[in-house]
Amino acid sequence: MRIDILTLFPKMFQGPLNESMLGRAKKAGLVEINIHDLRHFTHNEHRKADDRPYGGGPGMVMKPEPIFEAVEFICSPSGQPKIILMSPQGKTFSQEKAKQLAEESHLLFICGHYEGVDERVRQKLITNELSIGDYVLTGGELAAMVVIDALVRLIPGVLGKRESATKDSFYRELLDCPHYTRPPTYRGMEVPQVLLSGDHQEIQKWCKHEAIRQTFLKRPDLLKRANLTEKEKSFLKEVKGKRDGCH
Ligand code: ADE
C-alpha cells in the first residue's frame, strides 16, 4: 500500500511512523509512506498556506491553491487515491473503517488546520472526511497518525501470527478478553487456573466468556451488534443476573 500525507508539520510524523510496527511494515516494504510539506506548494514569499475567511469571522482558512497543486503532484494520471481529509466534521473513524481502508492500494491524507480548508477543496478533491472523535485537536496530524496506525496493522503480513488481529477488541464487536503472563502467582493474585490447564477448547471458551463479560461491564452498547450464539446469549444472561443480584 502507498500512503501520502499532506501536512503543514511534517516533523510531527518522524517518531510515530518510524517506530514499532509502522517502522517494521515500512522496512518490510508492506507500506510506503511519503510525507509532503504543504508549504512547498505555496508561491508567496512567506510560504503562507492560510488566509482570512471571506465574510469575516475568527481564525484562518487553508488556501485552496497549495492543496490542489500538491494533490496534482502526488496523484499520477492513472491511479486516483482515496483522498481523506482529517477534520472534526468528518465521519467517526472505527475498526470497520480501518478494515475498509486497509484494502485500498493508495491513500492520501490531508491534515486540516486552523478553521478548516477552503470549501472548494472539500467539493472537488476529498473522497472521505474522517474524525477520530468528538473533540477538537490542534490539527489533523495526530488524527491521521491514529488512522494510519489502525489500518496499517490490518494489512496482510504486518502483524506476525502471534499478534493476529482476529482477536482484537472490536474484531467481532466484542472487547478483548483479559490477558496474563508469568508469573502464575504475583502478590497473591492468581492467573485463572484454566489458562494453565493446556486444554485449548476450555481456554477458548473462557476467553469468549470473558470477552462477553468485559463488553457487558464496559461497553454494553456493543452487545446489540454482537453476533452471539444461543449458548453465548445464555452466558450473557447469567452475567446480567449476577450483576443484578449485586444491587
Ligand atoms: N482535527 C481536529 N480535530 C480532529 C478530530 N477530532 N479528528 C480528526 N481531525 C481533527
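K124 fulfils the conditions (1) under 23 Å from S169 (Cβ atoms); (2) in contact (Cβ under 8 Å) with a residue 12 or more places away in the chain; (3) surrounded by fewer than 14 Cβ atoms within 10 Å (Cβ to Cβ) except for a single criterion, (1). The criterion of being charged (D, E, K, R), out of contact with any Ser or Thr (no Cβ under 8 Å at 6 or more places or on another chain) and touching a residue at least 12 places away in the same chain (Cβ under 8 Å) does not hold for R182. Within the stretch 112-146, if we keep just the residues that are outside any loop (DSSP other than H, G, I, E, B) and among the aliphatic types (A, V, I, L, M), the residue that is farthest from the ligand (Cβ to nearest atom) turns out to be V121.
Is it true that L151 is within 16 Å of the ligand (Cβ to nearest atom) and under 17 Å from the mean Cα position of the chain (by Cα)?
Details: within 16 Å of the ligand (Cβ to nearest atom): yes; under 17 Å from the mean Cα position of the chain (by Cα): yes.
Against the criterion (within 16 Å of the ligand (Cβ to nearest atom) and under 17 Å from the mean Cα position of the chain (by Cα)), L151 qualifies.
Taken together, the residues in the stretch 202-242 that are polar (S, T, N, Q) and more than 32 Å from the chain's Cα centre (by Cα) amount to 1. Of everything listed in (1) in contact with a strand residue (DSSP E or B) (Cβ under 9 Å, 6 or more places away or on another chain); (2) farther than 26 Å from A28 by Cβ; (3) in a loop (DSSP other than H, G, I, E, B); (4) among the charged types (D, E, K, R), the single unmet condition for K91 is (3).
Any idea which of E173, E202 is surrounded by 14 or more Cβ atoms within 10 Å (Cβ to Cβ) and outside any strand (DSSP E or B)? Step through it out loud before you land on a result.
On the way: E202 fails: surrounded by 14 or more Cβ atoms within 10 Å (Cβ to Cβ).
After applying the criteria, what remains is E173.
Screening E104 against (1) charged (D, E, K, R); (2) over 20 Å from V147 (Cα atoms); (3) part of a loop (DSSP other than H, G, I, E, B); (4) more than 16 Å from the ligand (Cβ to nearest atom) leaves a single unmet condition, (2). Among the conditions (1) under 22 Å from H40 (Cα atoms); (2) assigned to a helix (DSSP H, G or I); (3) among the aliphatic types (A, V, I, L, M); (4) touching a helix residue (DSSP H, G or I) at 6+ places or on another chain (Cβ under 8 Å), the only one that A98 does not satisfy is (1). The set of residues in the stretch 50-93 that are modelled with pLDDT of 95 or more, of a type in the set (S, T, Y) and over 26 Å from the mean Cα position of the chain (by Cα) contains only Y54. Counting the residues of the stretch 99-124 that are of a type in the set (A, V, I, L, M, F, W, C) and farther than 14 Å from I3 by Cα gives 2.
The values are calculated or read from the model by the stated rules, or taken from the named source; none is laboratory data. Note that the structure is a prediction, hence the values are computed from the model and not measured. When we count neighbours, we look across all protein chains shown, and the Cβ atoms used for this are built from the backbone with ideal geometry, even at glycine.
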